[in-house]
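This report concerns only the one structure given below.
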């Protein structure tokens, strides 16, 4: 687990998430207690197709389309292979186009064969010749799409929840991670220029930190930055040690020093955003997360599907911080945008508290039905939450309000 995710877990364990929304005719927002520190596991996989009921023709998915992007924003290689993997077996393959786009036709004679181009035109033409194409939507819950290419770590999108209806489904963006980082972002080039003695002290500091020996870790890391003052990674790690030792001001100073050395090295920005979040300095949270978003390639992509980002630095918690800060500052549209992006980047079960936040946002928009859905998802993800009864009461109130709204909107009988 990366430092940023550990920071997030620590936050939800130490502070309440939301405040009630004082809006007339609207139920108060739940005051959720934190979920367990480890995300709940997924429910058991559905039975194999042979034991599932026959799906109606109208529930068939014929095309899965999407886009492959690199984590650093560079053009995708020309040999990106996209595979549909179900129950750990590859069922279908094709190559993405030079732009990274792909369209996969399901239930056709092209299954298990590589299509030399991701051009949707040729596959659409085949659809007209084969009226039996398509796969029941429920069967795809056991599947994922995997993008792979040389020089990059695989990117994966799970098909466990296909929100879109219809036979042509846009799964969103699959992100492949460059095996060798470029131009900073989550790694900095400065450690490779550090003198041998500084690198040795840095490594000893990391080892001491790993074994919980914080005083020794601090001593070695301070030695590393003394030998090599622009050792950005050492400044960042020193900040994490100081923060663990509850020396907040010193930790903030170390993180800030790292940002002045290399402003493309993002981990200290996230740590500073985390500290601002805890201090409820919402304006500072927005400023720090905005810098992260400026260097996040996914922020420039239309993320509509669920994205698995295998980078140890995960921007999902930055989007969560940004969403709650915007909510607190009454920027509801921006809060919703960031919360949805965090949800899509982190998969369904990584941030259960996001669903409480989204429920509050939808209540503010008088969208009770969607707010109900978000609370139900939260209860599914955290069935033993300490705030279980509180959330259930809130859910009952919303269901009553939603029923009243539906009855008032229903036209008079003829």
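Worth pointing out:
- Taking each residue as 0.36 nm, the span from residue 247 to residue 210 lengthens on full extension beyond its C-alpha to C-alpha distance by 11.5 nm.
- Here each label is just a point 7 Å from Cα along the line to Cβ, and for residue 369 and residue 287 those points are 4.3 nm apart.
- Simple label model, 7 Å out from Cα along Cβ direction - residue 400 to residue 200, nm: 7.2 nm
- Here the residues 78, 97, 271, ranked from fewest to most Cβ neighbours within 10 Å of their Cβ, fall in the order 78, 97, 271.
Computed from the coordinates by the stated procedures, all read-outs in this text should not be read as laboratory data. Since we're looking at a predicted model, the values are computed, not measured. All Cβ positions, glycine included, derive from the backbone under ideal geometry; neighbour counts span all protein chains shown.
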